[in-house]
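Note sheet for the following structure.
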Number of protein chains: 2
Amino acid sequence: MSESKPLQVGIIGMGTVGTGVARILVQHVDRIRRRVGRDVQLKRATVRDLDKPRDVELPPGVLTDDIDAVIDDPDIDVAVQLIGGTDPARDIMKRLLAAGKHVVTANKALLCEFGDELFEFARKHDRTIAFEAAVAGGIPIIATVGQSMSANQITSIEAILNGTSNYILTEMLKRGSAYSDVLGDAQRLGYAEADPAMDVDGTDAAQKLVILAQLAFGTKVPLDRFPRSGIDQLELTDLTCAAELNYVVKLLATARLVHGELEMHVQPTLVKCDRLIAKTDGPFNMIALEGDAVGKTWLSGPGAGQMATASAVVADVVDLAVGRAQVTFSRLDLWNDHPPVPLCEEDKIAHRFYLRFNVEDRPHVFADIADILGRHDISLASIIQHESSEQQPTSNGASIVPVVVMTHYTAQGKLRAAEAELSQLTSLHPPIVRMPVSD
Amino acid sequence: MSESKPLQVGIIGMGTVGTGVARILVQHVDRIRRRVGRDVQLKRATVRDLDKPRDVELPPGVLTDDIDAVIDDPDIDVAVQLIGGTDPARDIMKRLLAAGKHVVTANKALLCEFGDELFEFARKHDRTIAFEAAVAGGIPIIATVGQSMSANQITSIEAILNGTSNYILTEMLKRGSAYSDVLGDAQRLGYAEADPAMDVDGTDAAQKLVILAQLAFGTKVPLDRFPRSGIDQLELTDLTCAAELNYVVKLLATARLVHGELEMHVQPTLVKCDRLIAKTDGPFNMIALEGDAVGKTWLSGPGAGQMATASAVVADVVDLAVGRAQVTFSRLDLWNDHPPVPLCEEDKIAHRFYLRFNVEDRPHVFADIADILGRHDISLASIIQHESSEQQPTSNGASIVPVVVMTHYTAQGKLRAAEAELSQLTSLHPPIVRMPVSD
């Protein structure tokens, strides 16, 4: 790209983030010019409906409802592709790359599923895909893993990557409210989508974790190869029991090297309440990174939102304009220290665990539980059983009380075997709630 | 630099950090090659005493006690300059640049005082100075401000930039110990230097803040142009009184835009205890950044230490090897949105304030204080006066008790004027302790 002529940008998809990107490019022309060394011009922005009112004023001729007006325009150097999902986003990205455009994207679902294919396609066409906005919005985690930690082998990533879930967990505990009540409020306040399924079931966090793990460990782990669960089944009582034990429940995305294997999962996890990750409340994201040279670092900030995500997108546009993103992209496949890291078998993953049983309040019940756990070599670190204020009598007249135990370190497989036996106890009523503890 | 021949590195100064850098370059040759795309070779490392034992094994011929062996070696592309202070570091850096070497440095004192001169000198010789390690060790704050936030005007930096001070403050409160006791332990444990003056008096944090402010606001503010104080005069009682009010005292380095002026200071500051910055304990650093697009982001990690600092240095070497650092450096002078931002006059800076008075325990004393504050238009948000267990009688028989007040927002100048009047009260014994509150 010549240094003198303006860099021309096309935006595909003028939703919330696209509008934010357009706003920065149009309202801060001088700022961007100063940082790039030449003009950056928004040439085209595609919308579905040209007549819909917009909350950013664009020069005449910029808006178009024809994607080909971006793809076929030889003057456009950089395409900001902000349509979600994988279809038609995947094809559009290939057409943009084949037409000679660098692409900036915030689409984590697309990169999670087709990142390797699209990266290879981009390399074949000597183009760059920049994707800082795809993970953790305004937090520069892609730059940190992909550039700043280059002296390190990353050894551990523990992260809050879904702001909606974190907001709901924070509010449940603060207000003492059930999941469904808080979700409704979150939707009214704009912290949760009308269809929040991907956010609250762990899919969104898992997609972002796949991208981070690919960068940090050079290994593509498909979504269905590692366990994920969300917050949609969580009960308030587990948040309050955890708090009593000095833990906070967070939807934690974890990828770490353990004895040369990659342990990966997304699940509600107990985090000791004095850790920074436990202190990350509301709609914020937080990533705790560990590298073999740097030790631990933490990054936190807005994981979503119009201008925070637009900030990351425009930083990528600037990086492309000055040529930095091209260098970074060309190095990403060189990132890993090892041949593909093998994935740790789920049953071998060891944690301390939080368990909640609903037991009938009568003699020897806890002894039966402790006996089964003991025979599976699972030892207990602490136990909570309160006198229940809401004892529900069962058909045989005994009331049901919750019993919470914290185990010592144990492999998940042992616990699963024990749970299979426990589920046979008639004095124990399903479900058994199990969450790992992050120390 | 050719892509095929190895990048040759010289290290000037094999102290703690230099040894860490050498260790990464020598022990992780494959890793660095993979990330750079060619070999990175440690050609020379200068030491004062060739016979001193080293805790890293280097190939024969690498160690030298002659700095000119690096400066005059035309094969060395990148010099890692790790000698502290400004003299002879300043001259050595110029000689390295003039000899055609890019320079990586961790020397904040040098960049704080002579950064503009050295940057200009480097540009004249078409060379790059990379300095991620100069501020906050392993935290990628230079890359974040200099690259990732390029869509933003940074509006606020609030930071814990001195790990020694933060460790001492954390331990004082945790153990209920006096400053001097904790300092002694910190020195034994290696968290404080034998001569800790620059760390505990705020100078080190102020030097780092000058560098960050230059990047974020394009304004060079000399050290003597903004107020700084350290933790060396702090008494435990102020930490415990702050805790009672739900605040934590941190040595906070602040640079922010207020009505188009730059407010800058380094001082012990009360931070509400639920903020991430208040939760940053021990020898860690934390930077809270605010940008006009991204909103708030936080970065935390080790601010010093051998391998954390070496991690930042080697990342700069990698960035130089791939050509990214050169692009970044060429853009740094284009960073600011404005003509040089004027500095906010000290007396105009407004905060809420924490004040502690030592007063004689007799009638009307507090009324006198409140009267003077009120006449200077300073209103009080809260007041703590405890029955003192250690009342010391004065010469006139009255005992002395501490009184703590928190003011509402007020300009520092008003408070200073009020303090001048207060100091005339015979019932009030010096000193008056004053700390700002960060909300």
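The values are calculated or read from the model by the stated rules, or taken from the named source; none is laboratory data. For clarity, every value in this text was computed on a predicted model and none was experimentally measured. Because the Cβ atoms are built from the backbone with ideal geometry, glycine has one as well, and the counts that use them run over all protein chains shown. For the accessible areas, the whole protein counts, side chains as well, though only heavy atoms, and no ligand, DNA or RNA atoms are used. Shrake-Rupley method; radii C 1.70, N 1.55, O 1.52, S 1.80 Å.
What's the number of the condition A:ILE369 fails, among (1) over 30 Å from B:ALA159 (Cα atoms); (2) open to solvent by 10 Å² or more (accessible area, probe 1.4 Å); (3) not in a loop (DSSP other than H, G, I, E, B)? Looking at each condition in turn, A:ILE369 falls short on (2).
Assuming B:LYS5 fulfils every condition listed in (1) under 23 Å from the mean Cα position of the chain (by Cα); (2) open to solvent by 50 Å² or more (accessible area, probe 1.4 Å); (3) not hydrophobic (A, V, I, L, M, F, W, C) apart from one, which condition is it? If we test B:LYS5 against (1) under 23 Å from the mean Cα position of the chain (by Cα); (2) open to solvent by 50 Å² or more (accessible area, probe 1.4 Å); (3) not hydrophobic (A, V, I, L, M, F, W, C), just (1) comes out false. Residues in segment B:123-142 that are part of a helix (DSSP H, G or I) and away from chain A (no Cβ under 13 Å) were compared, and the one that is modelled with the highest pLDDT is B:ALA134.
Go through segment B:220-230 and give me each residue that's assigned to a loop (DSSP other than H, G, I, E, B) and either touching a His at 6+ places or on another chain (Cβ under 6 Å) or not β-branched (Val, Ile, Thr) (or both).
Kept after step one, since they are assigned to a loop (DSSP other than H, G, I, E, B), are these residues of segment B:220-230: B:220-222, B:226-227, B:229-230.
The answer is B:LYS220, B:PRO222, B:PHE226, B:PRO227, B:SER229, B:GLY230.
Beta carbons closer than 9 Å, at least 6 apart along the sequence or on distinct chains, pair a first residue in segment A:287-316 that is on the phi > 0 side of the Ramachandran plot and facing chain B (nearest Cβ under 7 Å) with a second that is of a type in the set (D, E, K, R) and open to solvent by 10 Å² or more (accessible area, probe 1.4 Å) for A:GLY301/B:LYS296. Number of residues in segment A:30-64 that are open to solvent by less than 70 Å² (accessible area, probe 1.4 Å) and within 14 Å of chain B (Cβ to nearest Cβ) equals 10.
Residue under question is A:LEU252, and the condition is that it be open to solvent by 10 Å² or more (accessible area, probe 1.4 Å) and under 14 Å from the mean Cα position of the chain (by Cα); does it hold? Break it down into steps so the answer makes sense when it comes.
Values: open to solvent by 10 Å² or more (accessible area, probe 1.4 Å): no; under 14 Å from the mean Cα position of the chain (by Cα): yes.
Judged against the criteria, A:LEU252 is not a match.
Only one residue in B:THR280, B:THR240 is modelled with pLDDT of 95 or more, within 27 Å of B:MET406 (Cα to Cα) and loosely packed, with under 15 Cβ neighbours inside 10 Å, so which one is that? Please lay out each step first, then the result.
Details: B:THR280 fails: loosely packed, with under 15 Cβ neighbours inside 10 Å.
On inspection, the qualifying residue turns out to be B:THR240.
When you look at A:LEU270, is it touching a helix residue (DSSP H, G or I) at 6+ places or on another chain (Cβ under 8 Å), more than 10 Å from chain B (Cβ to nearest Cβ) and buried (at least 24 other Cβ atoms within 10 Å of the Cβ), yes or no? Please lay out each step first, then the result.
Values: touching a helix residue (DSSP H, G or I) at 6+ places or on another chain (Cβ under 8 Å): yes; more than 10 Å from chain B (Cβ to nearest Cβ): yes; buried (at least 24 other Cβ atoms within 10 Å of the Cβ): yes.
Yes.
Filter segment B:150-165 down to the residues that are more than 12 Å from chain A (Cβ to nearest Cβ) and among the polar types (S, T, N, Q), then identify the one that is most open to solvent (accessible area, probe 1.4 Å). Step by step, filter segment B:150-165, then rank; the result is B:THR155. Looking only at residues in segment A:338-365 that are among the basic types (Lys, Arg) and within 26 Å of A:GLN385 (Cβ to Cβ), the one that is surrounded by the most Cβ atoms within 10 Å (Cβ to Cβ) is A:ARG356.
Checked against (1) in contact with a helix residue (DSSP H, G or I) (Cβ under 9 Å, 6 or more places away or on another chain); (2) buried (at least 23 other Cβ atoms within 10 Å of the Cβ), B:GLN306 meets all criteria but (2).
From A:VAL145, A:VAL104, which residue is within 14 Å of chain B (Cβ to nearest Cβ), touching a residue at least 40 places away in the same chain (Cβ under 8 Å) and either part of a loop (DSSP other than H, G, I, E, B) or under 13 Å from A:ALA312 (Cα atoms) (or both)? Working first, answer last.
Numbers: A:VAL145 fails: either part of a loop (DSSP other than H, G, I, E, B) or under 13 Å from A:ALA312 (Cα atoms) (or both).
So the residue among A:VAL145, A:VAL104 that is within 14 Å of chain B (Cβ to nearest Cβ), touching a residue at least 40 places away in the same chain (Cβ under 8 Å) and either part of a loop (DSSP other than H, G, I, E, B) or under 13 Å from A:ALA312 (Cα atoms) (or both) is A:VAL104.
Per-residue answers, yes or no, for (1) open to solvent by less than 10 Å² (accessible area, probe 1.4 Å); (2) in contact with a Lys or Arg (Cβ under 8 Å, 6 or more places away or on another chain); (3) of a type in the set (Gly, Ala, Ser):
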site	(1), (2), (3)
B:SER148	no, no, yes
B:TYR167	no, no, no
B:THR170	no, no, no
B:SER177	no, no, yes
B:ALA186	yes, no, yes
B:MET198	no, no, no
B:GLY202	yes, yes, yes
B:ALA206	yes, yes, yes
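In segment A:82-113, which residues are of a type in the set (A, V, I, L, M, F, W, C) and in contact with a Pro (Cβ under 9 Å, 6 or more places away or on another chain)? A:ALA99, A:CYS112, listed by residue number.
Taken over segment B:173-195, the criterion of being touching a residue at least 24 places away in the same chain (Cβ under 8 Å) and either under 28 Å from B:PHE329 (Cα atoms) or in contact with a helix residue (DSSP H, G or I) (Cβ under 6 Å, 6 or more places away or on another chain) (or both) is satisfied by B:LEU173, B:ALA178, B:TYR191, B:ALA192.
Taking every residue in segment B:198-223 that is under 21 Å from B:THR269 (Cα atoms) and pairing it with any residue that is among the polar types (S, T, N, Q) and in a helix (DSSP H, G or I), at least 6 positions away or on another chain, the pairs with Cβ-Cβ distances below 7 Å are B:ASP199/B:THR164; B:ASP199/B:SER165; B:VAL200/B:THR164; B:VAL200/B:SER165; B:LEU223/B:GLN207. Apart from one condition, A:ALA216 fits all of (1) buried (at least 18 other Cβ atoms within 10 Å of the Cβ); (2) modelled with pLDDT of 95 or more; the exception is (2).
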